[in-house]
């Protein structure tokens, strides 16, 4: 392989739009890019996704002779890239709330079957982070839970499900993103823990995943000053990626960076510098998720680093061969530059007890899991009643952090949908009501027979909690549904109904409507 071909295999690039733009096509041709990532803005419906994935494979295979990993963040719940017309699984914390790890296996398997049928072969899931900090703005309900045991158990079943469908899984975000209070999409978080502390908590699910053969692990853009003396995040740290993950923990799979366009990298180091540093640190794949224009400078800088001896060429070759070996595992052997990867045999798929053609049965099971995941936290001593004086209150879903889709999955607010389904009245509030808005809400609610509130990140946007506290003091009958993190419910006191729903999506809102009715 030439140096260009080696570097190309070690990059993942994304683009805007539902067709391959000319700029992206030219970048792939000139720089032999080997891998692509897709987001919701790339995806319209099943037919369009299949055509897009075929076009990507034809382009990448034609230019490099090696099929592409086509990656997607299909975690489930709030991080679901597939269109709402398809069946998206519940999120991690919701699935763990059912208490049955087999539900994670079924969810992973069904997700893998969908992705494989569409042409995606690499799911950037599951999250292995332990959500040990309730103030964490970016993980929360994306995590299976607050203990190493729960996260280890459920995450590996998700991996096994994806594996049964022939799709590569990727555990994230090493060495742990659960105990932060800042979002690496917009700034640079820090975890001030020793290695011993990490080994007792954050590293446990990663060690379990490594021991069970997970094919890929993604890095975290987080500073760990008690492990890495230089002021660089884990993504750029050779001490963490090579010394800890590769050598000490014995990981032999692919190391991927999180997106290098996130502000934790772009703002503090620069995307191009971050890519070079990550490859030097031991990352197999550097991810530039949205802007192909970064590629020419990244490639030039990597070449300069190789020529200067700052990056070991032999290590680069070994890394590229590792990636190709995993492509052979998940996409079949590459026998010619013109191979049709769409027809490649999947020799490693173990269907277990679930038959792939039972698609409708699996869809029904996913909805059953979603129903089980709607968790009653506390029960009032009165029934939930619906009549023309019932008042539904909620904010719209909002993308407070950049891990979500550019456009939210749900076009109407929780309160408006329930009003349409069940009758009564609705009141749309802002994400963080001030005193004037709270007073107006109290005035509107005065004649209500029952109040049902949907919260969204209320433990962070406290105005929602202030409103509910005031409502509790004025009204005797209230039910609250936490539509993302269940921590919204922790501070609410009184004789009220409390449910954890874990996701603000149309399938979950429909499920809530059925429960209420």
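The values are calculated or read from the model by the stated rules, or taken from the named source; none is laboratory data. Just so we're clear, the structure is a prediction, and the values are computed from it rather than from any experiment. Glycine gets a Cβ as well: all are built from the backbone with ideal geometry, and neighbour counts include every protein chain shown.
Some notes on this structure:
- So residue 320, is it modelled with pLDDT of 95 or more, over 25 Å from the mean Cα position of the chain (by Cα), assigned by TED's automatic domain parsing to the domain that holds residue 254 and closer than 30 Å to residue 118 by Cα: yes
- Residue check, residue 280 in a loop (DSSP other than H, G, I, E, B), assigned by TED's automatic domain parsing to the domain that holds residue 324, without any contact (Cβ under 8 Å) to a residue 60 or more places away in the chain and surrounded by fewer than 24 Cβ atoms within 10 Å (Cβ to Cβ): no
- Checking 32, 10, 44, 50 one by one, the residue that is under 22 Å from residue 318 (Cα atoms) and within 24 Å of the chain's Cα centre (by Cα) is 10 and no other.
- The lone criterion from (1) surrounded by fewer than 24 Cβ atoms within 10 Å (Cβ to Cβ); (2) modelled with pLDDT of 95 or more; (3) outside any helix (DSSP H, G or I) left unmet by residue 144 is number (1).
- Looking across the stretch 461-490, the residues that are touching a helix residue (DSSP H, G or I) at 6+ places or on another chain (Cβ under 8 Å) and either in the same structural domain as residue 144 (by TED's automatic domain parsing) or within 17 Å of residue 447 (Cβ to Cβ) (or both) come down to 470, 471, 474, 478.
- When the test is whether a residue is in the same structural domain as residue 418 (by TED's automatic domain parsing) and under 34 Å from the mean Cα position of the chain (by Cα), residue 447 does not pass it.
- On the stretch given as the stretch 18-39, residues that are over 16 Å from residue 54 (Cβ atoms) and assigned to a loop (DSSP other than H, G, I, E, B) total 5.
- If you go through the stretch 384-417 and keep only what is touching a helix residue (DSSP H, G or I) at 6+ places or on another chain (Cβ under 6 Å), at pLDDT 95 or above and more than 17 Å from residue 477 (Cα to Cα), you end up with 414, 417.
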